[in-house]
Amino acid sequence: MAAVRGFTCWASCGMGRTDGFFLPFKEDVDSFMKQPGNESADVVLKKLDEQYQKYKFLELNLAQKKRRLKGQIPKIKQTLEILRHAQKKKESTNPMETRFLLADNLYCKASVPPTDKVCLWLGANVMLEYDIDEAQALLEKNLSTATRNLDSLEEDLDFLRDQFTTTEVNMARVYNWDVKRRNKEDPSKNKA
């Protein structure tokens, strides 16, 4: 991953600080507008708007990842609790009475004999059998990774919010610069 404030998707999105994705605040608009490639205010505003749209697209993707992670974390925690309970019960000879989700809002009663094996859904219609200890280690690793990714996404979204503000201010400054320039060129419009 590229390291711009720990931004996790710079490299995967093909955007980085060197690609102009990080947008600095434009202090001196006059000198900025004299730079090569800034022929007119319309060209610069178009570039800034394109950059703003990239930020919006990236924000949408990060928000989707955040929602997915916020849904995964409680499920992982719940599964870990079930594993801990099963681990306590594996030493006894009595079967564990439980209910499991059969379909939406439909539960079925089950009697589970003591076991040291569990099956975990890994995704993409794949289920694997693990020892309880292995399954617990895997889920704890997944939980820490998901939590770390969620924290990183929060930082990334904060960074994007700063970039939205900077881009909006830069757009306003360039627009105001253009209005002042046009007013200087045609002073008759000022009097009317």
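The values are calculated or read from the model by the stated rules, or taken from the named source; none is laboratory data. Values in this document were obtained by computation on a predicted structure and should not be read as measured data. Backbone-built Cβ (ideal geometry, glycine too); neighbour counts: all protein chains shown. Protein only, heavy atoms only, side chains kept; ligands, DNA and RNA dropped before computing areas. Shrake-Rupley method; radii C 1.70, N 1.55, O 1.52, S 1.80 Å.
Remarks
- Summarising the amide proton neighbourhood of MET96: residues at separation of 5 or more, or on other chains, whose placed amide H is nearer than 5 Å comprise VAL112.
- Members of LYS26/LYS46; LYS56/LYS141; LYS65/LYS117; LYS34/LYS184; LYS66/LYS141 lying beyond 21 Å, as alpha-carbon distances in this model show: LYS56/LYS141; LYS65/LYS117
- Principal-axis tilt of helix 41-89 within the chain, Cα atoms, nearest 10 degrees: 10
- PHE159 sits with roughly 10 Å² accessible to a 1.4 Å probe, with DNA, RNA and ligands left out of the calculation.
- Loop-located GluC sites (Glu not before Pro) in the range 80-128 (DSSP state other than H, G, I, E, B) with a sparse environment of at most 10 neighbouring Cβ atoms within 10 Å: GLU91.
- Using the empirical formula 2.2 N^0.38 Å as the baseline, the Cα radius of gyration of the range 95-149 reaches a ratio of 1.37.
- Dipole magnitude for the chain: about 460 debye, using +1 per Lys or Arg Cβ and -1 per Asp or Glu Cβ, origin at the Cα centre.
- Taking the longest Cα principal axis of the chain as reference, the axis of helix 132-185 is set at about 10 degrees.
- Scaled against the 2.2 N^0.38 Å expected of a compact globular protein of N residues, the Cα radius of gyration of the range 31-189 reads 1.86.
- Ranking ILE76, ALA103, CYS119 by how far each Cα lies toward the positive end of the dipole of the chain (charges on Cβ) leaves ALA103 at the top.
- Cα-based shape type of the range 146-192, given that a ≥ b ≥ c are square roots of the gyration tensor eigenvalues and the cut on a/c is 1.5: prolate
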